[in-house]
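First up is the structure itself, then whatever we jot down about it.
Readers should treat all values here as calculations from the given coordinates under stated rules, not as data from a laboratory. Please read these numbers as outputs of a predicted model, since none were measured by experiment. For neighbour counting, all protein chains shown are included, and Cβ atoms are generated from backbone atoms with ideal geometry for every residue, glycine included.
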Amino acid sequence: MTMKGVEKKLIGLTLLLFIIFECLAGPLRMVFHMAGVEFLFSMPKLFILLTQAFSIILVLYYRKVTVNGMIASVTICYLIFISMMSSQPAAIFVGVWAILPLFLGYHGARIIMSNLKEKKTNRIIVIIFLLSCCGVICNVFFNYPWYNVSYEIAGMDVSSSQIGSSGGYTRYAGFFKSSLQASANVLILLLYIVSTSKSKTLIVSSFVFSALVALLTISKTIFLLHIILLLYILVKVIPVKVIWRITLACAFIFTVFTIGSTNYHFNVSRDPMQVMLLASLNDRLTNTWPEGVNTIISNGNLFFGGGMGTIGVGSKLGTGVYNPGDSMYLYLIGSGGYLLGFILLFWVFYQSTVFNNDNACRYLSLLLIVLCLFGLSMTAPEYPFMALSMGFLINSRIYKAC
């Protein structure tokens, strides 16, 4: 077997481990905790590091670097420099650890694109998708034992799974770590099934199951994305390149809106339905986003950012105050500033120059829409499946070589 063949097998194994561990996060974390081997839950991320190291060795061995590889190298060096200047080493480590699936998506792009072009649905993915949906649906009738089982790793409290509420309504998580991850991960699996399956029955039933999961987890953004997905499947008039560029323009507008959020606010009554629909948005507008902007300015500036750990999971270690971001755009500006934002806009735009209007390219544009809209209210790079999708999108130009 050639070194390229070894790399493909390694990436395929890592993708499978990653999907299984994320979709069964609740029970696996509980089992590992009971066995006293909590560190084993980090196995997929260790495999991601291994695939990253092996891929770098291959680049050095063959002495061949793609344009995407050069852009990636420059971007990583820039982020490391800014982070070392403005952030704390522990915060940088935690921040990078959280987004490791992005690197897996980048290196796994060739495998995923090959399946898309060949319309080859992986049966394992379908089984995991159905199991994940059933886990959330059954959660309505049964309480699972892994909820709120907490333990400590490297001085940080970790829970095996969390069940929350919104406006008095329960948000079910099923086998996932949280309700938000349940709805987001199921949606990404749905997109893969829609784009690779030749069975209309499977596509329709999968869509219904995924929409039901979005309702049970009370994920408003994810449910809205199902409606957009339905319209997208039915209407195929607009060219892929046009959709891609409109989405990137919207991403720019979303960034401006988020950074300027200190100028917006509104009042929410105590009505349970209004609380469920508007309370989280109001909290972002009045607290999370304005405080995030102030944190970025305090630790750096808006043009260059404050480095990894300024916003998101590493912010407690980096700035002393935890700010989840609740926005992909705030997170990116916090990490690398407007400059990182412009680099990513150019990078993603560059991918589309080789696209046509076939199903695989339409899937990519749909994935970009999902990522950009999800990122409007969530720190997408820190959601494993969204980070995987982001890495895949910035290397999707490989479509031409598949």
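I want to verify the translational diffusion coefficient of segment 9-146 in µm²/s; compute it with Stokes-Einstein, Rh as the Kirkwood radius over Cα pairs, at 20 °C and 1.002 mPa s.
121 µm²/s
Calculate how large, on average over all directions, the projected area of the Cα convex hull of segment 177-223 is; give the answer in nm² to one decimal.
Its average projected convex-hull area is 3.0 nm².
Among GLU7, GLU382, GLU291, what is the fewest-to-most ranking by other Cβ atoms within 10 Å?
Fewest-to-most Cβ neighbours within 10 Å comes out as GLU291, GLU7, GLU382.
Please quote Rg/Rh for segment 270-402 to two decimal places, taking the Kirkwood radius as Rh and restricting both calculations to Cα atoms.
Rg divided by Rh gives 1.05.
In nanometres, what is the gap between the two model label sites at SER205 and CYS250, each 7 Å from Cα along Cα-to-Cβ?
Computed distance between label sites SER205 and CYS250 equals 3.1 nm.
Given points 7 Å out from each Cα along the Cα-Cβ axis, report the ARG63 to ASN282 separation in nanometres with one decimal.
6.5 nm
List TYR147, TYR331 from most exposed to least, where exposure is judged by having the fewest other Cβ atoms within 10 Å.
Exposure proxy ranking, most exposed first: TYR147, TYR331.
What's the FRET efficiency of PHE93 with VAL242 using the Cβ-Cβ distance as r and R₀ = 45 Å, to the nearest 0.05?
So, using R0 = 45 Å, E works out to roughly 0.65.
In whole angstrom, how far apart do the alpha carbon centroids of segment 3-39 and segment 48-73 sit?
Each part's Cα centre sits 23 Å from the other's.
If you keep only loop residues by DSSP, which trypsin sites (Lys or Arg not before Pro) in segment 188-251 have at most 14 other Cβ atoms within 10 Å of their Cβ?
LYS198, LYS236
Just LEU281, LEU367, LEU187 to compare: in a GNM of the chain, with alpha carbon springs under 10 Å, which one fluctuates most?
It is LEU281.
For a quick check: sort TRP347, TRP244 by the number of other beta carbons within 10 angstrom, fewest at the front.
TRP347, TRP244
Give me the one-decimal nm value for the distance between modelled label points at MET3 and LYS316, 7 Å along each residue's Cα-to-Cβ direction.
4.2 nm
Rounded if a/c is under 1.5, else prolate if a/b beats b/c, else oblate: with a ≥ b ≥ c from the C-alpha gyration tensor eigenvalues square-rooted, which is segment 332-394?
Oblate.
Under a GNM of the chain (C-alpha, springs under 10 Å), which listed residue has the highest mean-square fluctuation: PHE252, PHE142, PHE209?
PHE142
If N is the number of residues in segment 296-336, what value comes out of its Cα radius of gyration divided by 2.2 N^0.38 Å?
Ratio of Cα Rg to 2.2 N^0.38 Å: 0.95.
Regarding the chain, what's the average projected area of the Cα-atom convex hull, expressed in nm²?
Computing the convex hull of the Cα atoms and averaging its projections yields 19.6 nm².
So which of LYS4/LYS45; LYS200/LYS220; LYS4/LYS200; LYS8/LYS64 end up more than 29 Å apart by C-alpha?
From the list (LYS4/LYS45; LYS200/LYS220; LYS4/LYS200; LYS8/LYS64), the Cα-Cα distance tops 29 Å for LYS4/LYS200.
Given the options SER86, SER183, SER73, which has the most mean-square fluctuation in a GNM of the chain, springs set between C-alpha atoms less than 10 angstrom apart?
SER73
In whole angstrom, how far apart do the alpha carbon centroids of segment 364-379 and segment 317-335 sit?
That distance is 18 Å.
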